[in-house]
Amino acid sequence: MLKGKKILLGVTGGIAAYKSPGICSLLRKLGAEVKVVMTKNATEFVTPLTFQTMSNNVVHGEMFNQLFNMDVEHISLAKWADIIVIAPATANIIGKFANGIADDMLSTVLMASRSKVMFAPGMNTVMLNSEANQKNMQTLRDRGVIILDTKEDLLACNDYGSGKMLEPSEIVDEIDRALTEKDLEGKHVVITAGPTREALDPVRFISNYSSGKMGYALADNAKKRGAKVTLISGPTKIEVPKVDNFVRVDSTRQMFDAVGKYFDDCDVLIKAAAPSDYRPKTYSEEKIKKGSDSQMNLIEMEKNPDIAAHYGSLKKNQVIVGFAAESTNIYEYAREKLIKKNFDIIVVNNIKKEGAGFGSDTNIVSIISRDKTDDLEIMSKTELAREILDRARKLMS
């Protein structure tokens with residue numbers, strides 16, 4: 001969502017300035033345009049040449065440079081930006097902006113700003129929590145400035161506490177969140193993700209290769225677009241996105257029950273999970289020993305509840321998006337599932353294709369509705385999440 005966005009990165013004189021080139025680099029990789037304004041103190045930590053190379057733009061710092069194309073530099077920079085991000089934001093720049101002081105290039109650009117403004121604080125714990133700084137940050141929040149959290153850690157001054165600036169990836173994620181259109185505001189999106197596990201004994205279970213990446217990407221994008229998001233997830237090893245409700249489950253029956261708690265209240269149900277279709281009929285309270293071949297050969301299975309079909313049959317005004325992972329007869333099986341389970345759209349992929357399927361960061365899918373089939377090119381699961389939610393939003397309207 002950051003492709004083509006114009007980001008003005010302000011860098012001040014804090015030790016966390018060493019992280020700021022990483023912010024610039026990530027933004028460029030995501031297709032954003034970046035311009036950098038540095039304070040004089042910031043240049044003591046990182047050279048302007050570093051940012052010039054990273055951004056592929058001239059670094060701004062001096063207040064009275066010669067005019068180019070008759071532009072007043074601090075005004076033209078403020079006009080240009082979709083968002084101004086100060087990282088690190090020291091107590092000094094926070095105090096200046098809160099109290100209307102404009103005595104260098106960066107503070108003057110801020111005073112002329114007409115876009116969103118975001119501060120990523122980085123400073124000593126006592127400075128962060130001081131009465132003056134807390135009052136200044138609240139003043140900025142009241143004016144609509146986004147003030148990011150800090151982390152608690154061992155700081156450069158050897159104090160332990162809050163004040164450590166967020167990592168570049170976290171700041172870039174917050175920039176993306178701030179600039180994403182809130183076209184799902186007021187909607188409740190329920191998403192299932194990941195595999196389920198069906199226990200056989202205390203150490204063994206039946207499961208599949210689902211990583212949860214697709215469901216988590218959907219949850220992250222829906223939240224950035226302003227939706228209330230409930231993410232119901234089986235066991236995964238990836239970071240949980242910022243959502244309103246996160247429900248961790250283990251078995252298919254637990255996922256079935258969890259969906260039931262939120263289904264009536266949701267506008268969209270996205271079934272991106274890969275729940276186990278079957279479970280062992282009996283569970284052994286003791287570990288089944290290696291020599292118990294007859295017991296292992298005679299494992300009886302029984303069907304799990306079909307989550308998608310059950311809630312599809314209860315659908316009222318909800319939009320339901322289903323998924324199918326197939327290896328043969330891709331379109332035939334997907335359309336059959338679409339009708340049988342009362343989906344509005346189904347996302348199907350051929351798990352044999354390279355770059356598609358479980359565990360991959362990319363996917364190659366076809367999106368099928370009642371009257372249309374769209375074959376999409378290979379794309380990241382983040383990009384695919386946007387595609388799917390775009391279509392769900394159109395169906396809601």
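Quick notes
- One residue from 84, 101, 93 being open to solvent by 30 Å² or more (accessible area, probe 1.4 Å), touching a Ser or Thr at 6+ places or on another chain (Cβ under 9 Å) and not aromatic (Phe, Trp, Tyr): 101
- Any hit, segment 14-29, residues being closer than 20 Å to residue 122 by Cα and in a loop (DSSP other than H, G, I, E, B): yes
- Segment 200-220: number of residues that are open to solvent by 50 Å² or more (accessible area, probe 1.4 Å) and either aromatic (Phe, Trp, Tyr) or out of contact with any helix residue (DSSP H, G or I) (no Cβ under 6 Å at 6 or more places or on another chain) (or both): 7
- Test: residue 385 is out of contact with any strand residue (DSSP E or B) (no Cβ under 9 Å at 6 or more places or on another chain), at pLDDT 95 or above, under 25 Å from residue 225 (Cβ atoms) and not acidic (Asp, Glu): yes
- Annotation note: Cβ proximity below 9 Å between a residue of segment 336-348 that is assigned by the TED database to the domain that holds residue 358 and a residue that is crowded, with 21+ Cβ neighbours inside 10 Å and of a type in the set (Phe, Trp, Tyr) (sequence gap 6+ or interchain) occurs for 337/343; 341/311; 342/311; 346/323; 347/323; 348/323.
- When each of 302, 239 is tested for being free of Cβ contacts under 8 Å to residues at least 24 places away in the same chain and out of contact with any Ser or Thr (no Cβ under 6 Å at 6 or more places or on another chain), the lone residue that passes is 239.
- Taken over segment 216-249, the criterion of being assigned to a loop (DSSP other than H, G, I, E, B) and in contact with a strand residue (DSSP E or B) (Cβ under 8 Å, 6 or more places away or on another chain) is satisfied by 227, 234, 235, 236, 240, 241, 243, 244, 249.
- Qualifying residue in segment 9-26 (condition: touching a Gly at 6+ places or on another chain (Cβ under 7 Å) and over 23 Å from residue 221 (Cβ atoms)): yes
- Hits in segment 306-326 (condition: part of a loop (DSSP other than H, G, I, E, B) and either among the aliphatic types (A, V, I, L, M) or open to solvent by 80 Å² or more (accessible area, probe 1.4 Å) (or both)): 314, 316, 317
- Here 150, 139, 125 are screened, and the one residue that is closer than 26 Å to residue 54 by Cα and free of Cβ contacts under 8 Å to residues at least 60 places away in the same chain is 150.
This table checks each residue for (1) of a type outside the set (Lys, Arg); (2) open to solvent by less than 50 Å² (accessible area, probe 1.4 Å).
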| residue | (1), (2) |
| --- | --- |
| 328 | yes, no |
| 335 | no, no |
| 343 | yes, yes |
| 349 | yes, yes |
| 353 | no, no |
| 375 | yes, no |
| 381 | no, yes |
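- Candidate set: segment 228-249, residues that are over 19 Å from residue 319 (Cβ atoms) and either among the hydroxyl-bearing types (Ser, Thr, Tyr) or not assigned by the TED database to the domain that holds residue 347 (or both); chosen: the one most open to solvent (accessible area, probe 1.4 Å): 236
- Residue count for segment 168-189 under the criterion of being open to solvent by 60 Å² or more (accessible area, probe 1.4 Å) and either under 24 Å from residue 2 (Cβ atoms) or modelled with pLDDT under 95 (or both): the result is 5.
- Residue list for segment 13-45, filter: closer than 13 Å to residue 59 by Cβ and of a type in the set (Ser, Thr, Tyr): 20, 39, 43
- Count of residues meeting criterion [in a loop (DSSP other than H, G, I, E, B) and open to solvent by 20 Å² or more (accessible area, probe 1.4 Å)] in segment 250-271: 2
- Qualifying residue in segment 287-301 (condition: modelled with pLDDT under 95, open to solvent by 10 Å² or more (accessible area, probe 1.4 Å) and part of a strand (DSSP E or B)): yes
- Test for residue 53: is it part of a helix (DSSP H, G or I) and farther than 24 Å from residue 176 by Cα: no
- Residue within segment 242-249 that is in contact with a Pro (Cβ under 6 Å, 6 or more places away or on another chain) and touching a residue at least 40 places away in the same chain (Cβ under 8 Å) present: no
- Contact map, segment 378-395: residues that are free of Cβ contacts under 8 Å to residues at least 40 places away in the same chain and within 12 Å of residue 184 (Cβ to Cβ) paired with residues that are open to solvent by 10 Å² or more (accessible area, probe 1.4 Å) and not small (Gly, Ala, Ser), Cβ distance under 9 Å, separation 6+ or inter-chain. Pairs shown: 390/183.
- Criterion violated by residue 149 - all others in (1) open to solvent by 60 Å² or more (accessible area, probe 1.4 Å); (2) in a strand (DSSP E or B) satisfied: (2)
The values are calculated or read from the model by the stated rules, or taken from the named source; none is laboratory data. Keep in mind it's a predicted model, so treat the numbers as computed, not measured. Positions of Cβ are generated from backbone atoms using ideal geometry, with glycine treated the same way; all protein chains shown enter the neighbour counts. Accessible surface areas use protein heavy atoms only, side chains included; no ligands, DNA or RNA. Shrake-Rupley method; radii C 1.70, N 1.55, O 1.52, S 1.80 Å.
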